[in-house]
Amino acid sequence: MFLNDEQIKYYQTNGVIIIKDVFKDWIETLRKGFQKVLDKPSKHGRENVDLKNGRFFEDYCNWERIDEFRDCIFNSSGAKIVAEATKSKSIRIFHEHIF
């Protein structure tokens, strides 16, 4: 079990919980995945640029084509933590969204 009863209760009451360092071992893997998306965006990729205010890029629904995202989704503890917090027996991935 990843969460204690106090964390689960807090999530059930407030709809949010902070859990530190859960994905620290995934940072480099995900960084590689993000770079792949930046190098070759999907059909959903959008570059919203205002030269005065920097860069804003977004893309989503890449987990099926980016191995690093799929690996994290299926092999990290993320889904188990969400299941514990929500007291769900299953979790469905709608899509990931990067900014």
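Some notes on this structure:
- Remark on N62: its backbone amide H falls under 5 Å from those of E96, a criterion applied only to residues 5 or more positions apart or on other chains, H modelled at 1.01 Å from N.
- Hypothetical label at K80: residues of region 16-48 whose amide nitrogen lies under 20 Å (7 Å Cα-Cβ projection): 17-30
- The Cα center of region 26-62 and the Cα center of region 82-96 differ in position by 25 Å.
- Note on the chain: lysine pairs with Cα distance below 19 Å, sequence gap of 8 or more or different chains, count 9.
- Once Rg and the Kirkwood radius are both taken over the C-alpha atoms of the chain, their ratio Rg/Rh works out to 1.04.
- For F34, neighbours were defined as the other residues whose beta-carbon sits under 11 Å from its Cβ, and their charges (Lys and Arg +1, Asp and Glu -1) total -2.
- Ligands, DNA and RNA left out, the 1.4 Å accessible surface of the chain is 52% carbon and sulfur atoms.
- Loop-resident sites, region 62-99, for trypsin sites (Lys or Arg not before Pro), counting at most 10 other Cβ within 10 Å (DSSP): K87, K89, R92
- A Förster radius of 22 Å, combined with the Cβ-Cβ distance separating K89 from D67, puts the computed FRET efficiency at roughly 0.20.
The values are calculated or read from the model by the stated rules, or taken from the named source; none is laboratory data. The model shown is predicted, which means the values in this text are computed figures rather than measured ones. Positions of Cβ are backbone-derived with ideal geometry, glycine not excepted, and every protein chain shown enters the neighbour counts. Surface accessibility is based on the protein's heavy atoms, side chains included, excluding ligands, DNA and RNA. Shrake-Rupley method; radii C 1.70, N 1.55, O 1.52, S 1.80 Å.
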